[in-house]
Amino acid sequence: MSFTDRLSRLSRLASKYFVVWVVVAAGAAMVNPAPFVPVLDYVTPLLGLIMLGMGLTLQPADFERLVAQPVAVGIGAVTQWLVMPLAAYALYLVLDLPDAIGLGLVLVGAAPGGTASNVMTYLGRGDVALSVAITTLTTLAAPIVMPAWTLFIVGESVDVTFMQMFTSIVQIVIIPVVLGFAIRYVLDRKAPTAAEVGVDVFPVISVVAIVAIVAGVVGANVENIRTAGALVLLAVVAHNAIGLGAGFGVGRAAGMSEDRVRTCAFEVGLQNSGLAVALATSLFSPAAALIPALFSVWHNVTGPALASYFTWREGTTPDAGEPTSAD
């Protein structure tokens with residue numbers, strides 16, 4: 001077995017059992033939080049590393065799809081931009097969540113799509129090209145969309161400006177993604193083997209980083225989990241379900257093909273919760289990072305479950321060995 005094959009196998013193994021690693025780390029943080037809390041000091045660079053990995057998966061064809069499929073991409077992106085922030089706000093009010101925890105829910109709602117949506121679209125026999133295009137668009141628009149929604153909904157209760165959030169998102173997301181894209185562009189032409197290795201290595205790095213971040217957030221919120229655990233879990237489960245259901249419903253109502261309906265469901269329901277964690281810890285408080293961290297775990301349960309349901313309904317199973325990611 002070649003070195004590249006070993007890396008691919010390790011990448012699949014790390015991502016396949018991602019939820020297991022997260023649950024074990026979160027449980028350890030609940031029992032003994034002290035070793036995990038310092039991770040919060042490194043959330044921003046860790047997420048930057050994850051976004052660099054996302055950039056490495058992008059190629060020029062991914063941007064061409066934004067122009068080639070404008071209607072479908074627009075439907076998916078607009079549905080996410082409207083449904084998830086408004087659902088977050090409604091749950092915040094209905095469940096009467098503490099302000100800091102509710103802020104975290106709003107951050108998740110305003111976040112762009114995560115790379116998990118691309119993976120689940122593949123596993124669920126959706127339109128992967130469309131999925132990547134929607135994720136790319138919502139990610140590039142995040143510096144505008146996230147501050148706008150967050151400050152519109154909870155602006156009176158936070159002491160953060162639009163420009164502060166805009167700058168943070170550009171630093172955490174846009175710069176690493178563009179850098180990763182540029183590196184991949186050069187490597188594809190100068191050293192294709194190195195490009196292949198990079199695509200295999202970064203999913204493992206992403207899994208380790210997300211597991212560490214979740215454990216750190218759980219460790220810093222042990223008391224919040226004990227006092228508001230049921231409501232927090234309900235908010236996460238309901239928010240994710242609303243997103244998946246709304247994406248599927250809008251896709252159907254828009255007359256999309258079955259594979260694109262599935263794609264729309266995953267794109268709306270699976271958010272870049274890691275970005276919400278990074279913003280919460282760097283600009284707000286550890287409590288605001290609790291729901292984003294738990295969302296990262298939960299959508300990696302519902303995503304595979306829904307993908308499995310779609311493939312079971314077709315009576316087919318996707319091939320093993322395709323790229324996987326955690327967030």
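The values are calculated or read from the model by the stated rules, or taken from the named source; none is laboratory data. The model shown is predicted, which means the values in this text are computed figures rather than measured ones. So basically every Cβ, Gly included, is an ideal-geometry build from the backbone, and we count neighbours across all protein chains shown. The accessibility values were calculated without ligands, DNA or RNA, using every heavy atom of the protein model including side chains. Shrake-Rupley method; radii C 1.70, N 1.55, O 1.52, S 1.80 Å.
Can you compute the equivalent ellipsoid semi-axes for segment 108-260, i.e. the square root of 5 times each eigenvalue of the Cα gyration tensor, sorted largest first and rounded to whole Å?
29, 23, 19
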Estimated FRET transfer efficiency when R0 is 22 angstrom, pair M163-D99 (beta carbons, to 0.05)
0.45
Using 0.36 nm per residue, how much length does the chain from V186 to A241 gain when fully extended, once their Cα-Cα distance is taken away?
15.8 nm
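Using the Kirkwood radius over C-alpha pairs as Rh, can you work out the diffusion coefficient of segment 197-242 via Stokes-Einstein at 10 °C, viscosity 1.306 mPa s, in µm² per second?
So the translational diffusion coefficient is about 126 µm²/s.
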Can you give me the span-like helices of the chain, meaning DSSP H runs with 18 Å or more of Cα extent along the axis and Kyte-Doolittle mean at or above -1.0?
3-16, 18-31, 43-56, 70-94, 128-154, 175-190, 192-220, 222-253, 290-314
To the nearest 10 Å², what's T227's accessible area with a 1.4 Å probe?
110
Ignoring ligands, DNA and RNA, what accessible area per residue does the chain give at 1.4 Å, in Å²?
41
Counting helices only, and only those DSSP H runs with n ≥ 4, report the 222 nm mean residue ellipticity of the chain as the sum of -39,500 (n - 2.57) divided by its residues, in deg cm²/dmol to the nearest 500.
-26500 deg cm²/dmol
Added length on full extension, which subtracts the Cα-Cα distance from 0.36 nm per residue, A305 to V222
27.1 nm
Scattering profile of the chain from the Debye formula, Cα beads only, expressed as log10 I(q)/I(0) at q = 0.07, 0.10, 0.13 Å⁻¹, is -0.25, -0.52, -0.90
Quick one: work out Rg over Rh on the C-alpha atoms of segment 251-298, Rh as Kirkwood radius.
1.22
Diffusion coefficient, µm² s⁻¹, Stokes-Einstein with Kirkwood Rh over alpha-carbon pairs of segment 23-149 at 25 °C and 0.890 mPa s:
147
Determine the distance separating the Cα centre of segment 233-293 from the Cα centre of segment 38-74; give it in Å without decimals.
16
Rounded to two decimals, what is the ratio between the C-alpha radius of gyration of segment 164-203 and 2.2 N^0.38 Å?
1.42
